[in-house]
1. Express in Å², to the nearest 10, the accessible area of S28 obtained by rolling a 1.4 Å probe over the protein heavy atoms while all chains stay in place.
2. Could you give the nm distance between label points at K211 and K64, where each point is 7 Å from its Cα heading toward the beta carbon?
3. Grab the other residues whose beta carbon is less than 11 angstrom from that of L57, score K and R as +1, D and E as -1, and report the net.
4. On average, how much accessible surface per residue is there in segment 1-65, in Å², for a 1.4 Å probe, leaving out ligands, DNA and RNA?
5. Stokes-Einstein at 25 °C, 0.890 mPa s, Kirkwood radius from Cα pairs: D for segment 65-209 in µm² s⁻¹?
6. At what distance in angstrom do the alpha carbon centres of segment 90-104 and segment 1-68 lie from each other?
7. Given R₀ = 22 Å, what would the calculated FRET efficiency be for K52 paired with E100, taking r from the Cβ atoms and rounding to 0.05?
8. Using a ≥ b ≥ c from the Cα gyration tensor of segment 36-113 (square roots of the eigenvalues), is it rounded, prolate or oblate, where a/c under 1.5 gives rounded and otherwise the larger of a/b and b/c decides, a/b for prolate?
Amino acid sequence: SAHTYLFRFNIDGKDTERGEYIRPYRESTVNSPVKDPMDKDLRCRTDKMDAKSTKNLTLTAGVKFGLEFHEGDEDTTRFIEPAHRGPGMIYLAPLESNGEGPVWFKIFEKGYDPATKLFYTQILMKSKGKMEFTIPEDIPGGDYLMRTEFIALHTADKEYTPKSKGDGAEFFPNCAQIKLISKGTAKPKGYEIPGIYTTKDPGILFNLWDKYDSYVIPGPPLYSKELGVNPVNQEGGNPGDGETPEEGANPPKKPTKPKKPCVRKNKKKRRHYK
């Protein structure tokens, strides 16, 4: 309970089956988080990194489709426990790479909106874990791994270490296999997973229980059609309000400097859910 995972897709108004097109779940721990940002499980949270085990979902660049995330089984309407607040991201990597090496590039990110004072996970709570997404039209056609990820920050006020595994952010990645139909010719810069985060990054070491008015989304910069690569938006990631990159507003003219992680100013007991 309390956690989340990629449950299925919605294509042209029709739901796919649970787990269809998604790298196989560990059924005994289907929604359990990854704690160590250097663990290879950060890629896809599965033991079966074999493309032959999963079918490819055909998607067309520029066309909306749905993703659905659940805490438990199909009857569960809760996306994630409410205290598990944090950002959401989507990455792509060429399927032939099987996710190894500097091959991952980020095509969506949404963090904290200071106007509404909500994290992206809180937005998805309202839609019961359902979101719509569009892959940028200039991404080249081909077979890809699509990696979805949420980061829960309820225990991120202290740094994760092998001796304090209860501390640190919680990562919830899943990977699906897609065949992208596109005439795009872009060449996004790739990054290695694990390797995109450290335990000390401002967006990983963060005090959710103290006062804050901004949040630095961790990881590589967001790929953008306009600039090739955008500077990281410190106020919530994707230009615009949760839109796809090509639909968003103009990015900041200059990258802003990352803010230091919030420092706990009191001894209030943090909440943790299992």
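1. 110 Å²
2. 3.9 nm
3. In short, +1.
4. Values: 3330 Å² over 65 residues.
That works out to 51 Å² per residue.
5. Rounded, D is 149 µm²/s.
6. 15 Å
7. Details: r = 16 Å, r/R0 = 0.74.
Once the sixth-power term is evaluated, E becomes 0.85.
8. The shape class here is rounded.
The values are calculated or read from the model by the stated rules, or taken from the named source; none is laboratory data. Fair warning: this is a prediction, and the values are worked out from it, not measured in the lab. When we count neighbours, we look across all protein chains shown, and the Cβ atoms used for this are built from the backbone with ideal geometry, even at glycine. Side chains included, ligands, DNA and RNA excluded: accessible areas come from the protein's heavy atoms. Shrake-Rupley method; radii C 1.70, N 1.55, O 1.52, S 1.80 Å.
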